[in-house]
Amino acid sequence: MNQVRPKAINFGPSTYKIKYVRKLMSEDNSLKLNGTIKYQDGVIELDPEVSDQSMIGTIWHEAVHYFIKQYGQESAVNPERMEELVETVSTGILTVIRLNPKLVRFMEDTL
C-alpha cells in the first residue's frame, strides 16, 4: 500500500523540502542516485520511482548526511569513506526502528 510520500523533513534547526526528481544523477552524471541533499537550497531530492522501502532508507541516509554536516563532523570522516559510514549508520538506525516497534511507540508516546 502506497502512503502519501513526505513533502518535508524537520531536522530541528531547519526543515528541508523534499522534491521528487526522476532519473536523479550524481553531479558528474556517473551514478544514478536514489537521493541527494542540497544544503544550500534546504532540499532533499528523491527518485520517485524507487519503492517505498528504498525511499525510507534513502531519507535516513540523507538525514545522516545532514547531521554530520550540521554538527561540523565532516572533517572527522575520511572523505573516501563518507558514503560507507553514512550507509552503515542510516541502515543501523532503520534496522533498530524496524526490529523494535514497541520502542518506537514508546518514543512516540513519550516525546
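The values are calculated or read from the model by the stated rules, or taken from the named source; none is laboratory data. Being a predicted model, the structure only gives us computed values, none of them experimental. Neighbour counts are summed over all protein chains in view; Cβ atoms, including those assigned to glycine, are modelled from backbone coordinates with ideal geometry. SASA here: full protein model, heavy atoms, side chains in, ligands and nucleic acids out. Shrake-Rupley method; radii C 1.70, N 1.55, O 1.52, S 1.80 Å.
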Heavy atoms only, probe 1.4 Å: what % of the accessible area of the stretch 1-105 goes to carbon and sulfur, would you let me know? 55
For the chain, give the share of DSSP beta bridges that are antiparallel, in percent and rounded to the nearest 5; count only bridges with both residues there. 65
I need the calculated FRET efficiency for the pair Leu85 and Leu111, taking r as the beta carbon distance and R₀ as 25 Å, to the nearest 0.05. 0.40
Env charge @ Lys19, Cβ radius under 10 Å, K,R +1 / D,E -1, value +1
What does the net charge come to around Thr91 if you take all other residues with beta carbon closer than 11 Å to its beta carbon, with K and R at +1 and D and E at -1? -1
I need the phi-derived Karplus couplings for the stretch 22-30: 6.51 cos²θ - 1.76 cosθ + 1.60, θ = phi - 60°, integer Hz, Gly and Pro marked x. 6, 6, 5, 10, 5, 4, 8, 6, 9
Among (i) 6.5; (ii) 8.2; (iii) 9.1, which is the computed mean projected area of the Cα convex hull in nm²? (ii)
Can you tell me how much longer the chain between Asn78 and Lys38 gets when fully stretched, taken as 0.36 nm per residue apart minus their C-alpha distance, in nm with one decimal? 12.4 nm
Rounded to the nearest 10 Å², the 1.4 Å probe accessible area of Leu33 is 40
Amide proton proximity set for Tyr20, modelled H, under 5 Å, gap of 5+: Leu46
To two decimal places, what compactness ratio does the stretch 1-50 give when its Cα radius of gyration is scaled by 2.2 N^0.38 Å? 1.21
In the chain, which longest range has no trypsin sites (Lys or Arg not before Pro) that are both DSSP loop (not H, G, I, E or B) and surrounded by at most 13 other Cβ atoms within 10 Å? 24-111
In Å², what does the accessible area per residue of the chain work out to with a 1.4 Å probe? 72
Cut-off under 16 Å on the C-alpha distance; same-chain residues fewer than 8 positions from Lys69 excluded. Which lysines are left, in chain and number order? Lys38
